[in-house]
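In what follows, a structure is listed as structure tokens, so that the remarks can point back to it.
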Amino acid sequence: MSQSKTTSSPASADGLEETIAYLAKRHRVSVAIVREIARKLGSSERGAIEREIERGKSRR
């Protein structure tokens with residue numbers, strides 16, 4: 001009866017998806033880009049993701 005333990009609970013995963021959808025809509029980028037930024041940063045902190053999106057936009 002071993003159960004695999006995950007680092008994120010389903011509730012926090014839902015919250016992260018909502019945050020990702022919100023940020024994608026707010027900054028007019030695709031959800032996949034926001035997910036990739038969050039994965040690259042290793043952080044689901046909204047402020048850090050927003051800063052990285054702005055850095056990316058300034059490079060264009």
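Coordinate-derived values only; no laboratory data. Everything numeric in this text was worked out from a predicted model, so none of it was measured. Cβ: placed from backbone, ideal geometry, glycine included. Neighbour counts: every protein chain shown.
Please go through region 26-59 and give me each residue that is of a type in the set (Ser, Thr, Tyr) and within 19 Å of GLY15 (Cβ to Cβ), ordered by number.
Listed by number, the residues that qualify are SER43, SER44.
Output the number of residues of region 26-42 satisfying the condition of being loosely packed, with under 15 Cβ neighbours inside 10 Å and either under 15 Å from LYS57 (Cβ atoms) or not basic (Lys, Arg) (or both).
8
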